[in-house]
Structures are given as structure tokens and as C-alpha cells.
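Undergrad: The structure is given below, and queries will be raised subsequently.
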Amino acid sequence: MTPEEELETVERYMRERGHRWTNQRRLIADVAFGTHEHFTADELLDMCRRVDSQVSRATVYRTLAMLEEAGFVEGLDTGENGRRFEHVLGHEHHDHMLCQDCGRIVEFADPELERLKEAVAAQHGFRLVSHTLKLVVACQNPDCEFRRQDRTES
């Protein structure tokens with residue numbers, strides 16, 4: 001799906017539900033879909049304000065909530081760090097590992113794990129419709145900036 005097709009999909013969704021499709025909402029969706037990083041709502045606001053300093057916090061938060069409700073972006077609870085978002089429209093499903101030490105987020109996909117999740121649902125008499133999997137992990141990287149700072153402060 002091209003970036004323009006993504007925006008057209010979002011615009012159609014918004015208009016079909018009676019929401020206005022403003023220049024600010026278009027910018028918010030365009031910026032959110034233009035990054036491949038996980039971002040907070042405030043980071044999205046900052047990115048949008050680099051393009052249009054008049055973008056309001058309320059508009060970013062409301063639009064982000066609408067995008068999440070529609071399934072165009074997904075939120076990931078990162079614990080103390082709050083929530084981070086990523087755009088998923090037109091992207092393959094994947095799961096996440098979140099490092100409890102440095103906060104790094106690693107995306108991964110594993111076909112065998114997907115089959116196991118479906119099998120577990122079936123064993124309990126269900127059909128898997130959707131899911132979110134977040135593995136909380138501990139950093140094993142000796143070059144991790146967070147771990148180096150922790151050792152030097154001790």
C-alpha cells in the first residue's frame with residue numbers, strides 16, 4: 001500500500017464515520033505513517049509541529065485515538081515509559097520484545113509461534129481473531145548504553 005493509499009483509506013474511514021478530515025488530521029496521519037519507529041503521542045506532536053507549529057495537542061491525541069480504534073496504529077504499553085505507537089496499516093503482523101533495562105523495542109515474527117497461538121485458542125474452543133504479544137526481556141547486550149551508565153554510577 002502506497003503512502004497516498006494509506007491516507008486515502010484513513011480519510012475514507014474518517015468521513016464515513018462523520019469525522020472531519022482537516023489539514024491537521026491529514027498531517028498527523030501522514031507523520032505517523034511516515035515513521036517506522038515506535039513513538040509516543042508527545043513525540044508525534046513534536047514531529048507534527050516541525051511541519052506546522054499550530055498543530056494542537058488535543059487534535060493529535062484525538063486523532064491518534066481514532067487511528068488506534070480503526071486499527072491503523074497500535075499502542076504498546078511500555079510500563080513506566082507509557083505507551084508507544086506504530087502504524088500497522090498495510091504491514092504484516094508482528095510481535096514485540098521490550099527490554100526492561102534499556103527500553104529498546106524489537107519487532108519479531110515467528111510462524112511457529114503464530115500456529116501455537118491459534119492452536120491454544122482452538123484447544124479452548126475459540127478461533128483466534130487478533131492478538132498482541134509483548135515479551136518483557138532483560139538486556140544481555142554488554143554494549144547497551146543503559147547498562148554502561150548503570151555500572152559507572154555504582
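Undergrad: Of Val55, Val73, which residue is touching an Asp or Glu at 6+ places or on another chain (Cβ under 8 Å) and in contact (Cβ under 8 Å) with a residue 12 or more places away in the chain?
TA: Val73
Undergrad: Can I ask one more? Go through (1) surrounded by fewer than 16 Cβ atoms within 10 Å (Cβ to Cβ); (2) in contact with a Ser or Thr (Cβ under 9 Å, 6 or more places away or on another chain); (3) part of a helix (DSSP H, G or I) one by one and return the number of the condition Ile28 breaks.
TA: Going through the list (1) surrounded by fewer than 16 Cβ atoms within 10 Å (Cβ to Cβ); (2) in contact with a Ser or Thr (Cβ under 9 Å, 6 or more places away or on another chain); (3) part of a helix (DSSP H, G or I), Ile28 breaks only (1).
Undergrad: Moving on to the next point. Looking only at residues that are more than 20 Å from His94 (Cβ to Cβ) and not aromatic (Phe, Trp, Tyr) in the range 120-138, which one is modelled with the lowest pLDDT? Outline the logic, then answer.
TA: Going through the range 120-138, the residues more than 20 Å from His94 (Cβ to Cβ) turn out to be 122-127, 138.
In the following step, the residues that additionally are not aromatic (Phe, Trp, Tyr) were identified as 122-125, 127, 138.
On the way: Ala122: 96, Gln123: 96, His124: 97, Gly125: 96, Arg127: 95, Ala138: 88.
So the residue we want is Ala138.
Undergrad: OK, next. Name the residue, out of Thr59, Thr78, Thr63, that is of a type in the set (S, T, N, Q), over 21 Å from Glu11 (Cα atoms), in the same structural domain as Ala29 (by TED's automatic domain parsing) and surrounded by 14 or more Cβ atoms within 10 Å (Cβ to Cβ).
TA: Thr78
Undergrad: Would you mind telling me which numbered condition in (1) surrounded by fewer than 14 Cβ atoms within 10 Å (Cβ to Cβ); (2) touching a strand residue (DSSP E or B) at 6+ places or on another chain (Cβ under 7 Å); (3) touching a residue at least 24 places away in the same chain (Cβ under 8 Å) Phe108 fails?
TA: Among (1) surrounded by fewer than 14 Cβ atoms within 10 Å (Cβ to Cβ); (2) touching a strand residue (DSSP E or B) at 6+ places or on another chain (Cβ under 7 Å); (3) touching a residue at least 24 places away in the same chain (Cβ under 8 Å), the lone unmet condition for Phe108 is (3).
The values are calculated or read from the model by the stated rules, or taken from the named source; none is laboratory data. Note that the structure is predicted; figures quoted are calculated from it, not measured. Don't worry about glycine lacking a Cβ; one is built from the backbone with ideal geometry, like all the others, and counts go over all protein chains shown.
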